[in-house]
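The following block contains the structure, expressed as structure tokens.
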Amino acid sequence: MMDLTLTPEQKSPVAPWLKPLWDSLDFDQIPNAILLHGQSGIGKFAFALELAKALVCETTPGSAKPCNRCEACHWFNTANHPDFIALIPETHRKFLPQADYEADEVPKKGKTARDDSEGEASERKEKKNISIEETRNAIESLSIGSHRGGNRVILIYPLEMLRSDSANTLLKSLEEPPANTIFILLADRVDRVLPTIRSRCRLLTAPRPDREQGLAWLKSQLHSIAGIKVTDADVETIYDEQGGAPYSVLDSLIARHNKDDKDELTISIAASRYLLQSMAQGGRISWLDAAEKIHKAQYSFLLATMQRWTSDLQVVSQGGSPRYYPKHISTLKGLSQTARIQKLLQFWTSLIQARRTENHPLASRIQLEALLAQYQQVFES
């Protein structure tokens, strides 16, 4: 099967809509902690990796960074830089630079907070949280000076997934940051980050691209990858369904092309499609069947789908145009005729409350059944 992993040239590190944010950075005045936040799937992680590489780059002062030519950049690109630490869940490690064991004269593998038992990891479900052990090990290593005498960078994503004990460990380091140590913290939901952590960081808001810009970038990436066959209409539909997140759409289309049925994003998208078909039934929804078919998908992804559909239904009920599902305008108009506005607003409130605990290890199937049963009641007198 063809490997469609994107090269750096195909998947630009800094997306066009994030370029103004990049240009606003002063590398001579970088604070000890940066909190980059914004919608998932818009390129924050790629931006953060490029920023981390720029901060450890050893090119001549005043030159553009990262140079991608110096020894430090080479080590970073091959996942071997000793002064770069990534605290991320197992589910996200595939997005890190990959080690090049065939390269000449490379140092020992740098700390990326990962297990050495790669074989065992493939046999079990990947963890979505960052453990307290990983956090403590990373923080304790800061007591030792940087290996190359320059900056040391710690990247943490997603910040809101840190357990309370891990967050407290991080907070202590932010209160008294070690010399030449820079924290790059990423969050999809900044409202879930501890206020004490937010107050010690410089907040950077990653904007979402407008639809035209996002689609143009996405289509250019797809056209540069041999083997992917997808119509512009299909791309636009998926783009809208995923809330205008180009990177998420790109990753999902690549996974679909590779027929990776076990990919979490692929599973979630398929479940989301079934969920939409079910919600389109309005009061005739078979909520037990729907919950049974979709409960293995990522709960937060399903909640986001329900929120987008409900948002569009509210807008159409008030005479507006749908934002996320414009191709379902006729269905939404039909549902708006029978929807009880008060119950629809109550359902919206329930979705907001559900999202506050979406990462809690609850039985998602029971939660989905309760929400979909409430959705059915929206259309009952």
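The values are calculated or read from the model by the stated rules, or taken from the named source; none is laboratory data. On a predicted model such as this, the values are computed, not experimentally measured, just so you know. Neighbour counts are summed over all protein chains in view; Cβ atoms, including those assigned to glycine, are modelled from backbone coordinates with ideal geometry.
Every residue in the range 182-196 that is closer than 20 Å to residue 84 by Cβ and among the β-branched types (Val, Ile, Thr), please.
Matches in the range 182-196: 182, 184.
Go through the range 230-257 residue by residue and tally those that are within 20 Å of residue 302 (Cβ to Cβ), touching a Lys or Arg at 6+ places or on another chain (Cβ under 9 Å) and β-branched (Val, Ile, Thr).
Selection size over the range 230-257: 1.
Answer yes or no as to whether residue 235 is of a type in the set (Val, Ile, Thr), in a helix (DSSP H, G or I), in contact (Cβ under 8 Å) with a residue 60 or more places away in the chain and on the phi < 0 side of the Ramachandran plot.
Answer is no for this residue.
Moving on to the next point. I'd like the residue in the range 319-350 that is among the aliphatic types (A, V, I, L, M) and surrounded by fewer than 18 Cβ atoms within 10 Å (Cβ to Cβ) and, out of all such residues, is farthest from residue 309 (Cα to Cα).
Going through the qualifying residues, I end up with 341.
While we're here: Mind listing whichever residues of the range 139-192 are exposed (fewer than 15 other Cβ atoms within 10 Å of the Cβ), at pLDDT below 85, within 29 Å of residue 41 (Cβ to Cβ) and out of contact with any strand residue (DSSP E or B) (no Cβ under 8 Å at 6 or more places or on another chain)?
Hits for the range 139-192 are 164, 165.
Something else now. State all residues of the range 262-308 that are under 20 Å from the mean Cα position of the chain (by Cα) and farther than 22 Å from residue 240 by Cα; if no residue qualifies, say none.
262, 296
If you take the residues in the range 53-71 that are under 25 Å from the mean Cα position of the chain (by Cα) and not in a loop (DSSP other than H, G, I, E, B), which one is nearest to residue 23 (Cα to Cα)?
Of everything passing the filter in the range 53-71, 54 is nearest to residue 23 (Cα to Cα).
Let me ask another. May I ask you to list pairs of residues, at least six apart or on different chains, whose Cβ atoms are under 6 Å apart, with the first in the range 165-184 being without any contact (Cβ under 8 Å) to a residue 40 or more places away in the chain and within 20 Å of residue 36 (Cα to Cα) and the second being in a helix (DSSP H, G or I) and among the hydroxyl-bearing types (Ser, Thr, Tyr)?
166/135; 169/135; 171/196
Since residue 331 meets every condition but one in (1) free of Cβ contacts under 8 Å to residues at least 12 places away in the same chain; (2) out of contact with any Ser or Thr (no Cβ under 9 Å at 6 or more places or on another chain); (3) among the β-branched types (Val, Ile, Thr), which condition does it not meet?
Failing condition for residue 331: (1).
Exactly one condition in (1) at pLDDT 85 or above; (2) of a type in the set (Phe, Trp, Tyr); (3) assigned to a loop (DSSP other than H, G, I, E, B) is not met by residue 101; state its number.
(1)
Residue pairs, Cβ under 6 Å, 6 or more apart or interchain, first in the range 366-380 and among the charged types (D, E, K, R), second crowded, with 18+ Cβ neighbours inside 10 Å and at pLDDT below 95. List them.
Qualifying pairs under 6 Å: 369/291.
List, please: which pairs have Cβ atoms under 9 Å, are six or more places apart or on different chains, and start with a residue in the range 1-30 that is among the hydroxyl-bearing types (Ser, Thr, Tyr) and end with one that is at pLDDT below 85 and surrounded by 15 or more Cβ atoms within 10 Å (Cβ to Cβ)?
The qualifying pairs are 5/254.
Okay, next question. Any residue that is under 24 Å from residue 44 (Cβ atoms), among the charged types (D, E, K, R) and in contact with a helix residue (DSSP H, G or I) (Cβ under 6 Å, 6 or more places away or on another chain) - is there at least one of those in the range 275-294?
No - not one qualifying residue is present in the range 275-294.
If you take the residues in the range 6-26 that are modelled with pLDDT of 90 or more and among the charged types (D, E, K, R), which one is surrounded by the fewest Cβ atoms within 10 Å (Cβ to Cβ)?
Restricting to residues being modelled with pLDDT of 90 or more and among the charged types (D, E, K, R), the top hit is 23.
With surrounded by 16 or more Cβ atoms within 10 Å (Cβ to Cβ) and closer than 27 Å to residue 221 by Cα as the only criterion, which of 72, 33, 64, 46 stands out?
Just a single option satisfies the conditions, and that option is 46.
The conditions are (1) among the small types (Gly, Ala, Ser); (2) assigned to a helix (DSSP H, G or I); (3) in contact with a Leu (Cβ under 7 Å, 6 or more places away or on another chain), and residue 227 fails exactly one of them. Which is it?
Here residue 227 meets the rest and fails (2).
Here is a further query. Considering 233, 297, 270, 255, which residue is crowded, with 21+ Cβ neighbours inside 10 Å and either farther than 22 Å from residue 206 by Cβ or β-branched (Val, Ile, Thr) (or both)?
Result of the check over 233, 297, 270, 255: 297.
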